[in-house]
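The values are calculated or read from the model by the stated rules, or taken from the named source; none is laboratory data. All of these numbers come straight from a predicted model, not from anything done at the bench. Cβ placement follows ideal geometry from the backbone for every residue including glycine, while neighbour counts extend to all protein chains displayed.
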């Protein structure tokens, strides 16, 4: 029996009206590539929804600006010219099936080994 049906009903209504939360398709250690731009990288952190500055978000051209209500990934990234850190929406990432390691100087500080197309997080960084 429910002690306070009005509270239960309002909780159920709130749950039904809440926006759906997208599930992360990628995980820490996965190697991915950008869908639009020529770079690839290894994921080192995941935000369930957008968690960067509004200034950063507004700097993205409106015609390619991603929705905020999706996972965003922090990457140790590389292209043909340099290595860098990138923040990319899930909609703009694809699995990289090249089986090639990523050449970024920070990888050895976070990850142990590269095997089967992905990196294994060092023991001291695991939860």
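Criterion applied to 22, 113, 106 was being at pLDDT below 95 and closer than 19 Å to residue 125 by Cα, and the one residue passing it is 113.
Select from the stretch 107-127 the residues that are over 11 Å from residue 32 (Cα atoms), in a loop (DSSP other than H, G, I, E, B) and out of contact with any helix residue (DSSP H, G or I) (no Cβ under 8 Å at 6 or more places or on another chain) and list them in ascending order.
116, 126, 127
Of all residues in the stretch 66-83, those satisfying the criterion of being farther than 17 Å from residue 23 by Cα and in contact (Cβ under 8 Å) with a residue 12 or more places away in the chain are 75, 76, 77, 78, 79, 80, 83.
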